[in-house]
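Asker: One structure coming up, written as structure tokens, with questions to follow.
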Amino acid sequence: MNILRAGTLGVLLAISCAASADAPRPTDAQVKQAMIEESISRTPGNCPCPYHAASNGSRCGGRSSYSRPGGNAPLCFPSDITDEMVNSYRSRMR
């Protein structure tokens, strides 16, 4: 999980730097990836998303927080994120 958080920090830093006048604006795909990584890093346990591996090495699948009703609902896929969410995230990162 520490590697994921370090990766998230790098993506967030890149987005923050991209907000400067000289840097290009991050793509929607880059923003969505940052949002997914941030959401996953805030979700407890080994199985936030169906594609993660459980502690025994098996795929989380239906045991993931994403797949279970109620409780935590991490963002796991780009399709989970609306254009409005992307715009809101960009506004917060300015």
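Asker: How high is the FRET efficiency between ALA53 and GLN30 when r is their beta carbon distance and R₀ equals 25 Å, given to the nearest 0.05?
Answerer: The computed FRET efficiency comes out at 0.50.
Asker: Counting other beta carbons within 10 Å of each residue's own, what order do THR43, THR82 fall into, fewest first?
Answerer: THR82, THR43
Asker: Any chance you could run the full-extension gain for ARG92 through ARG63? It's 0.36 nm times the residue separation minus the Cα-Cα distance, nm to one decimal.
Answerer: 7.2 nm
Computed from the coordinates by the stated procedures, all read-outs in this text should not be read as laboratory data. Everything numeric in this text was worked out from a predicted model, so none of it was measured. Cβ atoms come from the backbone with ideal geometry, glycine included; neighbour counts cover every protein chain shown.
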